[in-house]
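K.L.:
Take a look at this one; I'll ask things after.
Just so it is clear, none of the values below were taken in a lab; they were calculated from the coordinates. Source: prediction; values computed, not measured. As a convention, Cβ positions derive from the backbone with ideal geometry for all residues, glycine included, and neighbour counts pool all protein chains shown.
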Amino acid sequence: MVREIVGRWGKIDILVNNAGIARDDLLPRMSDEAWDEVINTNLRGAYLCTKFAVRSMMEQFWGRVINIASLAGIVGNIGQANYSAAKGGLIAFTKSVARELGSRNITVNAIAPGFVTTEMTDRLPQETRDVILSRIPLKRFGTPDDIAELVAFLASERASYITAQVICIDGGVI
């Protein structure tokens, strides 16, 4: 994938690692396959994409890596040990890689969305959605556009002095 992009465009400036799946279950019932699938997609996928994409960024002494983590990676979620572990690992990965690549003028940051209107949250029962909304001071779920605006900012030159950060965008969840 990276070879094809660099072959076509000559370089990679910005990488947004946004893959995310959930295979929810309580830990005693969670299958090894569900654990591995979530870790491989949500964490290993970001590792592989970053590992190869930053080579182009290092050559040009400029780049932006933005990892889409989750509030679950900070606080955990019942029934999401695999998802929370993967997103928490992505946060630690972000901080480590930022320190490795900062001298090459490459910033690496993570965004930790709370509840955002997506197919994943649309599947929640209304009772669960109501409980979640009662904990959000802004009284709404986020939107993909809310996240996209922050991604655009972090990808820009205006964010050139921001690295190794985890920015929560969660409506003030309490």
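K.L.:
Please identify the helices of the chain, taking whole runs of DSSP H, that span at least 27 Å along their own axis as judged from the Cα atoms and have a mean Kyte-Doolittle score of -1.0 or higher.
P.N.:
81-101
K.L.:
Continuing with this model, one more query. Show me 59-69, 91-101 ranked by packing, highest mean number of other Cβ atoms within 10 Å first.
P.N.:
Values: 59-69: 20.8, 91-101: 17.3.
Highest-to-lowest ranking by the protection proxy: 59-69, 91-101.
K.L.:
Stokes-Einstein D for region 40-101 at 4 °C, 1.567 mPa s, Kirkwood Rh over Cα pairs, in µm²/s?
P.N.:
The calculation lands on 106 µm²/s.
K.L.:
Calculate the dipole size of the chain relative to its Cα centre from +1 charges on Lys and Arg beta carbons and -1 charges on Asp and Glu beta carbons; express the result in debye to the nearest 20.
P.N.:
So the magnitude is around 540 debye.
K.L.:
Still on this structure, please answer the following. Report which label in (1) 57, 39, 35; (2) 61, 38, 27; (3) 51, 37, 28 holds the value of Cα extents along the principal axes in Å derived from the coordinates of this structure.
P.N.:
(3)
K.L.:
Considering only C-alpha atoms, what is the centroid distance from region 79-131 to region 1-70, in Å?
P.N.:
With region 79-131 and region 1-70 each reduced to a Cα centre, they are spaced 12 Å.
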